[in-house]
Each structure stands twice: as C-alpha cells, then as structure tokens.
Amino acid sequence: MPEFEKLTTEEISYLYVERESSMDPVEIGQAMGSAFEAVYAFMMRNNITPTGPALSVYDDMSADGMKFRAGFAVAKADIAKAEGNVKGDVTPAGPAVHFTHIGSYDTLREGYGAVMKAVAKQCITLKSPTWELYMNDPGTTPEAELITECYLACD
C-alpha cells in the first residue's frame, strides 16, 4: 500500500479541456492524450508557458466511467486567456490526502483503493475533487519509473 499523508495544499492554476471515458485504461489514456495535446497546442498558439506538470482533475467517477479535466499548470494570469473548449481553473487550497504512485498508470486504481481503505479507518472524510500531477513524461520515462502525485480533497 502506498504511504499517504494529510496535508494542506495550495491552489494550482491550470488550463484544461474536459473529457469523458470509461474506466478502461486504454480509453483513459487516449482521452487524456487528446486533452493534453489540445491544451498544449492552445498554449503554444497563445505563448503560454507551463509553470508545472501536466495534471488531471476528477469530479465525477464511478465504476462505469468518469469525467475529468486534463491540462497543464500555468500562471494565474494565464487563466484569463482561456477560450473555446480550453478553460481555466484552480485546484482547491486546503486539506487533502496525498500519496505518490510510482509505476504504470494502469495500477493507479490499486493505489487509490488501498489509500481509501486506510483513510476510512482513520475517519478522514474525502470530498471532491481528486487531482493528479504527472511528474515525468510517459513518452520518455520507462513505465516502472513514472511518478504520479495524487491528491484527494478532504475535511
């Protein structure tokens, strides 16, 4: 089980596009990939430089599927440049449960399951959203070395 900690987060400004997907890892990867490409192309056209890693934010997940936002951390002022299907927002500041996942994105679900069971035993109440920061590039990093920082908002 991944180690987790409860901490206080600061907001992260980001540009994103919304996507929907089943829970199939291949479909999730395709939806995320197209979202990241769309946001990155928008940023390049508008001279916006990322200030941090790629990220995704989840508000609505079930066994059947999920809706999510995928994009890149940017300077807060760059949120105002969003247009069309590219939108801007911030992750919440405040209490969150954090854990680091190392390895394939396909096994992230297992890490979440283990952390959620441990969190429930400690009577920590989770709430929406959940967000992930992708700390390295899956195109250049071996799958076993991928690092994903995971955050779950809580009370």
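If the condition is being open to solvent by 40 Å² or more (accessible area, probe 1.4 Å) and in contact with a His (Cβ under 9 Å, 6 or more places away or on another chain), then region 141-150 contributes only I147. For D64, indicate whether it is closer than 21 Å to A153 by Cβ and not aromatic (F, W, Y). In short, no. The set of residues from region 120-135 being assigned to a loop (DSSP other than H, G, I, E, B) and within 20 Å of F68 (Cβ to Cβ) comprises just one member, M135.
Count, please, the residues in region 21-40 that happen to be among the acidic types (D, E) and either open to solvent by less than 30 Å² (accessible area, probe 1.4 Å) or at pLDDT below 95 (or both).
We begin by selecting, within region 21-40, every residue among the acidic types (D, E); these are 24, 27, 37.
Next, from what is left, pick out any that are either open to solvent by less than 30 Å² (accessible area, probe 1.4 Å) or at pLDDT below 95 (or both): 24, 27.
So the count comes out to 2.
Here A114 fulfils each of the conditions (1) open to solvent by less than 30 Å² (accessible area, probe 1.4 Å); (2) in a strand (DSSP E or B) apart from (2). For region 125-140, which positions are open to solvent by 30 Å² or more (accessible area, probe 1.4 Å) and either among the polar types (S, T, N, Q) or touching a strand residue (DSSP E or B) at 6+ places or on another chain (Cβ under 8 Å) (or both)? Within region 125-140, T125, L126, K127, S128, M135, N136, T140 qualify. The residue that is nearest to the chain's Cα centre (by Cα), among those in region 91-103 that are surrounded by 14 or more Cβ atoms within 10 Å (Cβ to Cβ) and part of a loop (DSSP other than H, G, I, E, B), is T91. Here is the figure for region 136-148: residues that are in a strand (DSSP E or B) and farther than 19 Å from M66 by Cα total 1. Among the residues of region 63-74, is there at least one that is part of a strand (DSSP E or B), closer than 24 Å to T100 by Cβ, touching a residue at least 24 places away in the same chain (Cβ under 8 Å) and open to solvent by 20 Å² or more (accessible area, probe 1.4 Å)? Looking through region 63-74, at least one residue is part of a strand (DSSP E or B), closer than 24 Å to T100 by Cβ, touching a residue at least 24 places away in the same chain (Cβ under 8 Å) and open to solvent by 20 Å² or more (accessible area, probe 1.4 Å).
The values are calculated or read from the model by the stated rules, or taken from the named source; none is laboratory data. Note that this is a predicted model, so its numbers are computed, not measured. Here Cβ is always computed from backbone atoms with ideal geometry, including for glycine, and neighbour counts include all displayed protein chains. The accessibility values were calculated without ligands, DNA or RNA, using every heavy atom of the protein model including side chains. Shrake-Rupley method; radii C 1.70, N 1.55, O 1.52, S 1.80 Å.
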